[in-house]
Amino acid sequence: MRIAIPAEDNRGLESRVSEHFGRAKYFVFVDVEDNKIKNVEVVEVPFEEHGPGDLPNFIKEHGGEVVLAYGMGRRAIEYFNSLGIEVVTGAYGKIKDVVEAFIHQVLEVDPHWKEKIEREKEHRGECRDQ
């Protein structure tokens, strides 16, 4: 299984999950065999701006089968699903910890990620309006 995780930086398993899926500059691809991490690859996102489907296709091209992310829009989730890629939202913390928890089926996700992202969007909008 190959897991793709949006990362805050390029430190691989030591990176933290990016809270902003669509703005992540790096993705960490983790190959898992027999419930163990076998390989880790950090890939820089090759485009500054992206349209619908760009990130799902990028992840598909790199062999991603599962995406562990904090927040993601409904359309992006549907696009991933149409490519046969499973999406888990609400994942947060250090990537190594998130992957290990997912492998062992004990991943705790933030059930309030949607509300937090909406509050942040509203705050950014208010800051811009002032």
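Tabulated data
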quantity	calculated
Hits in the range 58-78 - residues which are surrounded by 15 or more Cβ atoms within 10 Å (Cβ to Cβ) and either modelled with pLDDT under 95 or not in a helix (DSSP H, G or I) (or both)	Gly64, Glu65, Val66, Val67, Leu68, Ala69, Tyr70, Gly71, Met72, Ala76, Ile77
Any chance Glu118 is of a type outside the set (A, V, I, L, M) and in contact with a strand residue (DSSP E or B) (Cβ under 7 Å, 6 or more places away or on another chain)	no
Residue in the range 82-96 that is hydroxyl-bearing (Ser, Thr, Tyr), surrounded by fewer than 14 Cβ atoms within 10 Å (Cβ to Cβ) and more than 13 Å from the chain's Cα centre (by Cα) present	yes
Residue within the range 6-22 that is more than 21 Å from Glu120 (Cα to Cα), surrounded by 21 or more Cβ atoms within 10 Å (Cβ to Cβ) and among the hydrophobic types (A, V, I, L, M, F, W, C) present	no
Failed item, numbered, when His50 is tested on (1) in a loop (DSSP other than H, G, I, E, B); (2) under 12 Å from the mean Cα position of the chain (by Cα)	(2)
Every pair of residues 6+ apart whose Cβ atoms lie under 6 Å, when the first sits in the range 89-118 and is at pLDDT below 90 while the second is of a type in the set (Gly, Ala, Ser)	Asp110/Gly90; Trp113/Gly71; Trp113/Gly90; Ile117/Gly71
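The values are calculated or read from the model by the stated rules, or taken from the named source; none is laboratory data. What you are looking at is a predicted structure, and each value in this text was computed from that prediction instead of being measured. Positions of Cβ are generated from backbone atoms using ideal geometry, with glycine treated the same way; all protein chains shown enter the neighbour counts.
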